[in-house]
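Contents: one structure, followed by commentary.
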Amino acid sequence: AVEEVAAASGERAMEYLDELEQEARPRAVKIRVPESDALRTEGALLSRPGEPTWSIAGQAARRVRDCWSLGSEPLSNQQLADLFSMPEAMLAGESAGTAVTMSAGFRGEPGGESVEVVLGKPRSASRRFALARLVADHLYRSPGDRLLPVTDAKTARQKFQRAFAQEFLCPFSALSDFLGTAEPTDDRIEEAADLFDVSPLLVKTTLVNRGVLGREVLSG
């Protein structure tokens, strides 16, 4: 976890770690991630040599949705709150915690379903995305990792988190059905983002990874 924070913050890593412990952790809210142990065991079977991280993470997200009987439909804040036994207001940005530098999870004893999370984003879509990233980290990182950081770094761990969250919140199959075309307009992408309560960038990234759009749309 220290390496993940260092990759994102460089020389200020210790400062950020101290902030997480002193400011973020007291605001953290305990959530429950159902079937954690079973899904964690299955996760060890996902990786294949040479397979892209986004593909492995996507498989994991689909398996999690199947395990929780979620289908491929959009998930409301209320559904997520019920699923993870957390206050819905936390996803709407109505709770404390928006002033911290990054989102993070804090685990107690190794294993188990419970993890304390703080979501350091002001917008609902960003908080939902951060939550899904923390769920990925809780399920697929070593149970011995006590700190689960969500950062902007481009490490394999952070890429896995982001790809998992993309597929978990906005399944490609459902997104494709909604778009109904291989050449979606910007307006249609915005509509999809509204439907799944994610950012337009997330929708575009999903379509780029799947080869529907060219990578140039991400730099436009």
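List THR185, THR151, THR206 from most exposed to least, where exposure is judged by having the fewest other Cβ atoms within 10 Å. Can you show the working numbers first?
Details: THR185 10, THR151 21, THR206 25.
Lowest count first: THR185, THR151, THR206.
Looking at [x] -0.52; [y] -0.63; [z] -0.81, which value of log10 I(q)/I(0) by the Debye sum over Cα atoms at q = 0.11 Å⁻¹ comes from a calculation on the structure shown?
Of the listed options [x] -0.52; [y] -0.63; [z] -0.81, [x] comes from this structure.
Roughly how many debye, to the nearest 20, is the charge dipole of the range 171-220 about its Cα centre, given +1 on each Lys and Arg Cβ, -1 on each Asp and Glu Cβ, and no other charges? Display every interim value, and only then the final one.
Details: 4 positive and 9 negative charges, 61 e Å.
For the range 171-220, the charge dipole is close to 300 debye.
Once you have the Kirkwood Rh of the range 171-220 from its Cα pairs, apply Stokes-Einstein at 20 °C and 1.002 mPa s and quote D in µm²/s. Before the final figure, lay out each step's value.
Working: Rh = 10.6 Å.
Result for D is 202 µm²/s.
Between ASP82 and MET14, what length comes free when the chain is fully extended (0.36 nm per residue of separation minus the Cα-Cα distance, one decimal in nm)?
On the way: separation 68, 0.36 × 68 = 24.48 nm, distance 3.51 nm.
Extra length from ASP82 to MET14 when fully extended: 21.0 nm.
Below 8 Å, C-alpha to C-alpha, sequence gap of six or more: please give me the relative contact order for the chain in percent. Don't skip to the end; give the middle numbers.
On the way: 319 pairs, mean separation 53.7, N = 220.
Dividing the mean separation by the residue count of the chain yields 24 percent.
Using amide H atoms built in the peptide plane, which far-off residues or other-chain residues are under 5 Å from SER114 H to H?
VAL33
Helix-derived [θ] at 222 nm for the chain: sum -39500 (n - 2.57) over DSSP H runs of at least 4, divide by residue count, nearest 500? Display every interim value, and only then the final one.
Working: 10 runs with 105 residues, N = 220.
Taking each H run of at least 4 residues, the total per residue is -14000 deg cm²/dmol.
Choose one answer from GLY144, GLY50, GLY93: the residue with the largest mean-square fluctuation in a GNM of the chain with alpha-carbon springs under 10 Å.
GLY50
What are the lysines whose alpha-carbon lies under 19 Å from the alpha-carbon of LYS159, with same-chain residues fewer than 8 places away excluded?
The qualifying lysines are LYS121, LYS204.
Using +1 on the beta carbon of Lys and Arg, -1 on that of Asp and Glu, and nothing else charged, what's the dipole of the chain about the Cα centre, debye to 20? Working shown, then result.
Working: 26 positive and 33 negative charges, 79 e Å.
My answer is approximately 380 debye.
Of the GluC sites (Glu not before Pro) in the range 1-81, which ones lie in a loop per DSSP and count no more than 15 other C-beta atoms within 10 Å? Please list the in-between numbers first.
Values: sites: GLU3, GLU4, GLU11, GLU15, GLU19, GLU21, GLU23, GLU35, GLU42; in loops: GLU35.
Passing sites in the range 1-81 are GLU35.
How much length is gained on full extension from SER114 to ARG215, taking 0.36 nm per residue of separation minus their Cα-Cα distance?
On the way: separation 101, 0.36 × 101 = 36.36 nm, distance 3.77 nm.
Gain on extension, SER114 to ARG215, equals 32.6 nm.
In the range 98-194, which trypsin sites (Lys or Arg not before Pro) are in a loop and have at most 15 other Cβ atoms within 10 Å, using DSSP for the loop call? Write down the numbers at each step before the final one.
Working: sites: ARG107, ARG123, ARG127, ARG128, ARG133, ARG141, ARG146, LYS154, ARG157, LYS159, ARG162, ARG188; in loops: ARG107, ARG123, ARG141, ARG146, LYS154.
Those that pass, being in a loop and sparsely packed, are ARG123, ARG146, LYS154.
No lab work stands behind these numbers, since they all come straight from the coordinates. Not measured: the values here are computed from a predicted model. Here the Cβ is made from the backbone with ideal geometry for all residues, glycine too, and neighbour counts use every protein chain on show.
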